[in-house]
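What follows is a set of notes on a single structure, which appears directly below.
The values are calculated or read from the model by the stated rules, or taken from the named source; none is laboratory data. Just so it is clear, the structure is predicted and the values come from calculations on it, not from any experiment. Ideal geometry is used to build each Cβ from the backbone, glycine not excepted, and the neighbour counts take in all protein chains shown. Heavy atoms of the whole protein, side chains included, go into the accessibility calculation; ligands, DNA and RNA do not. Shrake-Rupley method; radii C 1.70, N 1.55, O 1.52, S 1.80 Å.
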Amino acid sequence: MSDRRRVVVTGMGAITPVGLDVTATWKSVTSGVSGVGPITLFDAGDYRTQIAAEVSDWDPSAHFDAKELRRLDRFSEFFIVAARQAIAHAGLEFTTDEDLASRAGVMVGAGFGGMGAFIEEITTLVERGPDRVSPTGVPRIIPNMAAGLVSIEHNLTGPVSCVVTACSASANAIGDAAEIIRRGAADVMVAGGAEASITTFGIATFAQARAMSTRNDDPQGASRPFDADRDGFVMGEGGGVLILESLEHARARGAEIYAEVTGYGMSADAYHITLPKPGGTGAAKAMKAALEDARLDPSDIGYINAHGTSTPANDSTETAAIKIAMGDAAYGIPVSSTKSMTGHILGGAGAVEAIIAIEAMRHGVLPPTINYTTPDPECDLDYVPNEAREAEMRHVMSNSFGFGGHNATLIFSAL
Amino acid sequence: MDREQVAERLVNVLVSELGLDAEKINDEAHFEEDLDVDSLGVVELLMALEDEFDVKIPDEEAESIMTVGQAIDLVHSKLNS
C-alpha cells in the first residue's frame, strides 16, 4: 500500500430522476422523494411495465446546440453534462492547461450506450432501407463515445476508455479509473457512467425477463427494495461523474477533497446470465476484496449503499452476501437502497450511488430506503426504513452487481 | 420551382435540420471551410436534401458540391430536368 498512490475525490456531478445536480439529488434522496412516474418518453400503453424514473426536467437544448444534438444520444448528454458539473466542482480547467490535460483521462461505464439511437436507426433500416440509415449511427450508439466526447470537449489526452459490465459498469469505471491513478498513468480521471434506456426495446426486454415491477397503478410505491412485497426493479436514467485525483496532485493545487477512494473489489458469480448466485457468495467476495484493498475491518464501515434493486432475487441475495462479508458486524451497519427513489439507473447506478454514499459521509446523514412497509424474513438488516437519519461515518461502501454475474464494490473514506 | 424557391427551402433544411449557422449561409459559403461540415455531415446533408426535394443525388454528383450555391444549382437542375 505504501508504494501506491492515494486517490481522492475532488469533484462530483449528477443528473438523476430526482435532481439535475448533486445538491438537488442529495436533497431529494434524504427527503424520501420518489422520481418514479408513468412513462412519458414513449407510449407504453401496450407494455407490461408502464412506469419508470425519468429525468423529467431534462432540456438538452440548454446544454448543446442543434448541430451537436444531432450527434448525441441521451445517455451521452447525461454523461457530458454531469462531467461538466464535476469538472467545475473540482475547480479544474483543462483547456487552458496542456500539461494538466495530458495527464488526465476519462472512464465511462454504461450498460448499453445509445440504445435510443440504435432503435431509431434499426427502425429506419427496416422501414426505409439501408441508404436512409444515418452516418452518425455508430458514434451515437457506441458506449465509449461518451468518454470520447468528454475527452474532445476538455482536450483530455490521457487514458480514455469505457467499461461495459451492465449494472456494475460505472462502479467498475470508478474503480478502474482509481487504479489508473494509483499506478501513476494519470493524475486526474473523469470517471462515472450514464444510461438512457427508458426506450421501447429497453422496457420491453426487461419486462419480458420478468425483472421489472408491474405496479403500474402505484408508480411511487413500485421500487421497494428489501420489502416483502417487492416485485421487480423500476428503470431509472441519468448519469454520475466523479473527479478522481492523486492525493498529492489535489493537495498541490489546494483542491477541496470530498473523500478518498480506499477500496475497490470485483468478483464474478460464474453462475447465471441474469440471476445472482444463491447464497450471495459471489457478491460477498467483491465486498471482502474491497475491505482488503482498503485495509479495513467490517466494523469500520458506517454505511452501505446497497445495489438493492427491488427484485425478489437481488435483495435477499445481497442481504446474505452482506452477512457473509461483514460477519457479526452486518446487523450494526445501516444499509439503504436509494434506488427506491432514483429507480435503477443501470450502467449509471454505480456512479450516482457512489456520489450519494460520499454525500452521506460528508453530511453525516443516512438516506433511507423508501416504501419499506413489510419486512421480509430473508432481509433482516437495518435498511434505514423510510426516513433519513443522522449518523457519523468514516468509511462507506457502495455495491453494484450486473447481468453476467459481475460484482463491484467501492469503499470511500473520510480523509 | 425556381432557383429562389429551391434556395429558400434548402437553407431552411441546413438550419433547422442540420443545425448550421444561418448567419454564415450564403451562395459562396463552403460547407467544409465556412460551415464546419465534416465528412459525416456531408452525407447527412445529401440525405436531408434527397428527402426534402424527393430527388436522388448519386455519390459522383455529390462530390462536386462544395458550396451552398452549388447545392442549390444541383437540386434546381434536377427538379427542372
Check region A:379-401 and report whether any residue there is surrounded by 22 or more Cβ atoms within 10 Å (Cβ to Cβ), within 23 Å of A:F206 (Cβ to Cβ), of a type in the set (G, A, S) and in contact (Cβ under 8 Å) with a residue 12 or more places away in the chain. yes
Of the residues that make up region A:159-168, is at least one open to solvent by less than 10 Å² (accessible area, probe 1.4 Å) and more than 23 Å from A:F64 (Cβ to Cβ)? yes
When every residue in region B:1-24 that is hydrophobic (A, V, I, L, M, F, W, C) and within 13 Å of another protein chain (Cβ to nearest Cβ) is compared, the one nearest to B:N80 (Cα to Cα) is B:V13
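Is it true that B:L49 is among the aliphatic types (A, V, I, L, M) and modelled with pLDDT of 95 or more?
yes
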In region A:130-149, residue surrounded by the most Cβ atoms within 10 Å (Cβ to Cβ) [restricted to those that are touching a residue at least 24 places away in the same chain (Cβ under 8 Å) and either among the β-branched types (V, I, T) or in contact with a His (Cβ under 6 Å, 6 or more places away or on another chain) (or both)]: A:I141
Condition check for A:I152: open to solvent by 30 Å² or more (accessible area, probe 1.4 Å) and either free of Cβ contacts under 8 Å to residues at least 24 places away in the same chain or of a type in the set (A, V, I, L, M, F, W, C) (or both): yes
Between A:D328, A:D315, which is of a type in the set (D, E, K, R) and open to solvent by less than 10 Å² (accessible area, probe 1.4 Å)? A:D315
Could you tell me how many of the residues in region B:1-26 are part of a helix (DSSP H, G or I) and open to solvent by 70 Å² or more (accessible area, probe 1.4 Å)? 10
Among the residues of region A:368-387, is any over 19 Å from A:T309 (Cβ atoms), of a type in the set (V, I, T) and in contact with a Phe, Trp or Tyr (Cβ under 9 Å, 6 or more places away or on another chain)? no
For region B:27-80, which helices (runs of 4 or more DSSP H) that fit wholly inside it have 1 or more residues that are crowded, with 18+ Cβ neighbours inside 10 Å, acidic (D, E) and within 14 Å of another protein chain (Cβ to nearest Cβ)? B:39-53
Please specify each residue of region A:113-154 satisfying the condition of being under 23 Å from the mean Cα position of the chain (by Cα) and on the phi > 0 side of the Ramachandran plot. A:G113
Heads up, the helices (runs of 4 or more DSSP H) in region A:47-145 (entirely inside) with at least 1 residues that are in contact with a Ser or Thr (Cβ under 7 Å, 6 or more places away or on another chain), more than 14 Å from every other protein chain (Cβ to nearest Cβ) and farther than 22 Å from A:A173 by Cβ are A:115-128
Single condition A:I152 does not satisfy, out of (1) away from every other protein chain (no Cβ under 14 Å); (2) of a type in the set (A, V, I, L, M); (3) not in a strand (DSSP E or B): (1)
Kindly state which strands (runs of 3 or more DSSP E) lie completely within region A:173-286 and contain at least 2 residues that are open to solvent by 10 Å² or more (accessible area, probe 1.4 Å). A:259-268
